[in-house]
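The values are calculated or read from the model by the stated rules, or taken from the named source; none is laboratory data. These numbers were taken from a predicted model, which means no experiment stands behind them. Because the Cβ atoms are built from the backbone with ideal geometry, glycine has one as well, and the counts that use them run over all protein chains shown. Remember, those area values only see protein heavy atoms, side chains included, never the ligands or the DNA or RNA. Shrake-Rupley method; radii C 1.70, N 1.55, O 1.52, S 1.80 Å.
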There are 2 protein chains.
Amino acid sequence: MALVVQKYGGTSVANVERIRSVARRVVDRKKSGDDLVVVLSARAGDTDRLIALAHEMSPNPDLRELDVLLATGEQVTIALFSMAVKDMGYEAVSMTGYQAGIITDHQYGHARISWIETLPVMEKLREGKIVVVAGFQGYDDEGNITTLGRGGSDTTAVALAAALKADACEIYTDVEGVYTTDPNVYAKARKLRRISYEEMLEMASMGAKVLHIRSVEFGMKYNVPIWVRSSFTDDPGTLVTQEDADMEKVVVSGITYSKKEARVTVTDVPDVPGMAFKLFHPIAQAGINVDMIIQGSSAVPGRANISFTVPKADYEKTLALAEQVSKEIGAGYVHGNPNIAKVSIIGVGMRSHTGVASVMFGALAKENINIHMISTSEIKISCVIDEKYTELAVRVLHDAFELHKDPGNGIRVSEER
Amino acid sequence: MALVVQKYGGTSVANVERIRSVARRVVDRKKSGDDLVVVLSARAGDTDRLIALAHEMSPNPDLRELDVLLATGEQVTIALFSMAVKDMGYEAVSMTGYQAGIITDHQYGHARISWIETLPVMEKLREGKIVVVAGFQGYDDEGNITTLGRGGSDTTAVALAAALKADACEIYTDVEGVYTTDPNVYAKARKLRRISYEEMLEMASMGAKVLHIRSVEFGMKYNVPIWVRSSFTDDPGTLVTQEDADMEKVVVSGITYSKKEARVTVTDVPDVPGMAFKLFHPIAQAGINVDMIIQGSSAVPGRANISFTVPKADYEKTLALAEQVSKEIGAGYVHGNPNIAKVSIIGVGMRSHTGVASVMFGALAKENINIHMISTSEIKISCVIDEKYTELAVRVLHDAFELHKDPGNGIRVSEER
């Protein structure tokens with residue numbers, strides 16, 4: 001008999017019919033002998049509806065009161081869900097963030113869980129009840145209602161699983177798991193059976209769609225096995241877990257891409273100490289997030305070309321700032337390109353495999369896809385290319401690393417369950 | 001500087017525009033220097049909408065979870081209202097039943113307030129904040145969310161006023177106060193400036209529309225001055241307060257009527273001990289609520305006729321039960337009339353005035369309205385008449401006791417505030 005924390009998203013509890021079918025799912029699992037804590041989001045659209053109502057009420061709604069308002073969304077679903085479970089002859093008890101002992105800091109709208117008082121939930125579990133917890137919400141040490149921000153319910157689930165020392169945390173969503181790449185970009189994309197926390201974090205751009213990043217960090221910190229599954233099928237889904245020897249065998253686990261950035265280059269920057277600071281300080285001051293930075297030597301001796309990427313939205317602003325700095329420090333001209341994309345290959349296997357980069361470069365070269373920038377991390381290699389080649393690049397890399405083939409890294413999964 | 005508890009009903013906070021105008025009202029009052037606790041109901045229709053949703057989810061929704069669901073209604077309004085107040089540059093803080101320390105018993109759906117932990121509210125008041133409390137809801141000693149039943153927000157307001165030792169409790173509704181009788185029945189109906197708790201209770205049938213009965217009992221018990229006012233006008237409204245000498249001067253304060261009852265008569269009941277028990281025990285067992293009971297002597301010596309009234313809905317059932325008992329005890333025949341109405345005159349002045357009944361009987365006789373039953377209490381005289389004469393009776397009694405004339409019993413009101 002295991003203790004399992006399950007989380008169902010807004011689409012899974014969008015209406016009474018779906019709530020009933022999820023309740024059926026939960027009751028069947030309970031019959032199998034497991035103890036269950038079910039974390040629910042608000043019904044799909046409810047949170048947006050409440051936010052719209054708040055803005056109808058106030059030009060910029062007070063943050064404390066906005067959380068009081070938003071918290072009602074999950075309170076509705078936990079009540080309805082518990083009714084459904086009880087109609088099926090099983091004991092269920094709903095708990096708001098407060099009742100479930102989810103204690104957070106004071107940051108309304110994006111509060112962080114500081115700790116969880118597990119006694120209330122443990123007590124109900126001991127009574128054999130299915131505990132239905134409102135996701136996304138908590139309360140601070142002054143008793144104010146707080147919310148964890150978008151995707152917060154994932155964090156609630158993983159945090160509860162960690163605090164309750166649950167055997168597993170299952171995140172039910174509308175996709176069947178984590179894929180080698182975006183299936184909309186490449187039909188050959190394969191659902192991963194397992195992926196490490198680190199890889200999952202690197203896959204943020206893709207992973208965020210199925211699993212809230214903060215919940216992955218939480219899972220990694222407390223080593224909570226997280227299952228990403230569909231609430232509409234019986235597919236086992238993807239297990240997000242600790243890296244192990246099996247995973248090392250796989251060179252590349254996934255391919256991600258981002259079209260959200262733009263490139264800016266400042267040429268002929270005097271190659272003397274403090275120049276990078278002079279350039280990036282004002283940009284940071286402007287609250288602009290710089291991602292990649294590459295410094296290469298320029299044609300002019302004692303000078304260097306500095307290229308970096310920023311969010312597309314900040315492109316013009318960054319150009320202006322760079323121009324200004326360029327004059328001050330006597331650098332060359334400033335140019336950039338907003339029509340770029342970043343394509344990345346991710347895999348813990350890179351640590352133990354060599355020549356991964358060359359395979360990537362070769363595959364892109366074969367399609368005459370020019371690489372503008374390169375950055376590498378221990379388990380990730382990213383290339384900046386022209387935006388128009390994004391999908392093509394994803395496909396050729398997917399083929400180059402044979403991601404469509406199942407390396408069988410999921411075999412041990414069944415034993416682990 | 002006074003401490004005032006104000007309660008605004010669902011129609012007063014039905015939409016953002018109304019919430020804003022009520023917030024304006026509250027802020028203006030705050031400017032005048034008063035400390036304010038504002039109790040709010042759910043937006044008009046919200047509670048019904050949530051109940052419908054619950055029944056869509058479950059044939060008979062679990063009572064605990066129904067309260068969890070319903071409690072969201074007020075949580076929405078207190079959040080929106082507090083946003084509006086803050087936009088007007090004043091400090092406001094919303095509090096759910098739990099946060100406001102409203103502790104109740106375990107009766108989900110119709111919980112009774114057992115006590116109020118005033119510290120949290122007092123603290124916020126000390127900080128100069130307008131405290132906005134969710135009406136209708138509380139929590140039991142196990143931390144479960146409970147609701148007080150229909151009209152519960154009135155009770156929340158009066159209970160808070162009592163616990164906080166507030167100077168006044170103001171109940172804002174969509175009528176301007178308590179009237180001498182139903183204005184829809186008689187245009188000459190006059191709004192009362194003051195009325196005693198006891199009279200207000202006797203006027204239940206009328207009063208219930210403007211003030212929840214339980215809140216009046218609470219007010220009487222703790223002597224909380226309750227103002228019934230319209231949130232759409234500046235009329236001072238009606239003060240429900242302790243009886244005093246001035247009130248004694250007024251013979252009749254109001255006239256109520258009820259068409260909800262039916263009469264049943266059992267003739268020739270053997271006039272020996274235990275007969276009343278034999279007759280009414282089975283009726284009570286059937287859960288039927290008997291209101292008036294009159295026993296008169298019958299034409300047959302040693303026999304009595306017993307007439308009583310029951311809710312119209314239970315008329316047929318009661319007849320059947322009475323027939324049965326009648327056979328058992330060897331009484332005469334059973335007859336009744338479902339087309340009756342009860343008209344009552346109410347006034348604490350009756351205690352010190354004589355001949356009130358005869359004025360009532362005379363007024364009805366003058367219109368040839370036949371009286372079938374009479375019952376009297378210290379401050380009330382009720383007559384059962386044919387239903388068709390109800391409105392006529394109300395009007396002639398209103399004239400007979402000159403209720404259209406203001407006895408000036410409100411003069412001292414201004415001083416009292």
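If you check A:I371 against the conditions, is it open to solvent by less than 50 Å² (accessible area, probe 1.4 Å) and under 19 Å from A:D182 (Cβ atoms)? Against the criterion (open to solvent by less than 50 Å² (accessible area, probe 1.4 Å) and under 19 Å from A:D182 (Cβ atoms)), A:I371 does not qualify.
When B:V27 is tested against the conditions (1) among the β-branched types (V, I, T); (2) under 28 Å from the mean Cα position of the chain (by Cα); (3) more than 10 Å from every other protein chain (Cβ to nearest Cβ), the lone failure is (2). Would you please name the residue that is surrounded by the fewest Cβ atoms within 10 Å (Cβ to Cβ), looking only at residues in segment A:108-125 that are within 14 Å of chain B (Cβ to nearest Cβ) and touching a residue at least 40 places away in the same chain (Cβ under 8 Å)? The residue in question is A:G109. Within segment A:116-169, the set of residues being under 27 Å from the mean Cα position of the chain (by Cα) and either on the phi > 0 side of the Ramachandran plot or outside the structural domain of A:R64 (by TED's automatic domain parsing) (or both) comprises A:F136, A:G149, A:G151, A:K165. Can you give me the number of residues within segment A:44-58 that are modelled with pLDDT of 95 or more, open to solvent by 30 Å² or more (accessible area, probe 1.4 Å) and of a type outside the set (V, I, T)? Matching residues across segment A:44-58 total 4. Within the set B:A92, B:A54, B:A84, the sole residue that is closer than 24 Å to B:D34 by Cα, facing chain A (nearest Cβ under 9 Å), without any contact (Cβ under 8 Å) to a residue 60 or more places away in the chain and among the small types (G, A, S) turns out to be B:A92.
Looking only at segment B:118-168, which residues are aromatic (F, W, Y) and in a strand (DSSP E or B)? The answer is B:Y139, and nothing else. In this structure, B:A84 does not qualify as under 26 Å from the mean Cα position of the chain (by Cα), farther than 26 Å from B:E142 by Cβ and of a type outside the set (D, E). Being of a type in the set (G, A, S), open to solvent by 10 Å² or more (accessible area, probe 1.4 Å) and away from every other protein chain (no Cβ under 14 Å) is a property that A:G128 has. Screening B:D246 against (1) over 14 Å from the mean Cα position of the chain (by Cα); (2) open to solvent by less than 50 Å² (accessible area, probe 1.4 Å); (3) closer than 19 Å to B:I381 by Cβ leaves a single unmet condition, (3).
Would you mind finding the one in A:V85, A:V16, A:V27 that is in the same structural domain as A:E127 (by TED's automatic domain parsing), hydrophobic (A, V, I, L, M, F, W, C) and surrounded by 23 or more Cβ atoms within 10 Å (Cβ to Cβ)? Talk me through it step by step, then tell me what you get.
On the way: A:V16 fails: surrounded by 23 or more Cβ atoms within 10 Å (Cβ to Cβ); A:V27 fails: surrounded by 23 or more Cβ atoms within 10 Å (Cβ to Cβ).
Sole residue among the options that is in the same structural domain as A:E127 (by TED's automatic domain parsing), hydrophobic (A, V, I, L, M, F, W, C) and surrounded by 23 or more Cβ atoms within 10 Å (Cβ to Cβ): A:V85.
In segment B:59-71, the qualifying residues are those that are in contact (Cβ under 8 Å) with a residue 40 or more places away in the chain and of a type outside the set (D, E), and the one that is surrounded by the fewest Cβ atoms within 10 Å (Cβ to Cβ) is B:L63. A:E65 meets all of the listed conditions (1) touching a Phe, Trp or Tyr at 6+ places or on another chain (Cβ under 8 Å); (2) charged (D, E, K, R); (3) at the interface with chain B (Cβ under 8 Å from one of its Cβ atoms) but one, namely (1). Taking (1) surrounded by fewer than 23 Cβ atoms within 10 Å (Cβ to Cβ); (2) within 11 Å of chain B (Cβ to nearest Cβ) in turn, A:E74 satisfies each apart from (1). B:T173 - would you say it is closer than 20 Å to B:V216 by Cβ and either of a type in the set (S, T, N, Q) or within 12 Å of another protein chain (Cβ to nearest Cβ) (or both)? Yes; evaluated as a whole, the condition is true for this residue.
Residues in segment A:90-107 that are open to solvent by 50 Å² or more (accessible area, probe 1.4 Å) and either touching an Asp or Glu at 6+ places or on another chain (Cβ under 6 Å) or under 17 Å from B:L63 (Cβ atoms) (or both): 3 in all. Would you point out the residue of segment A:292-335, among those that are under 24 Å from A:Y257 (Cβ atoms) and touching a Pro at 6+ places or on another chain (Cβ under 8 Å), that is least open to solvent (accessible area, probe 1.4 Å)? Among those residues, the one meeting the criterion is A:Y315.
Could you identify the single residue in B:D105, B:D167 that is of a type in the set (D, E), over 17 Å from B:L3 (Cα atoms) and away from chain A (no Cβ under 12 Å)?
On the way: B:D167 fails: over 17 Å from B:L3 (Cα atoms).
None of the other options fit; the residue is B:D105.
Considering segment A:30-43, the residues that are away from chain B (no Cβ under 14 Å) and buried (at least 18 other Cβ atoms within 10 Å of the Cβ) include one that is farthest from A:V121 (Cα to Cα), namely A:S41.
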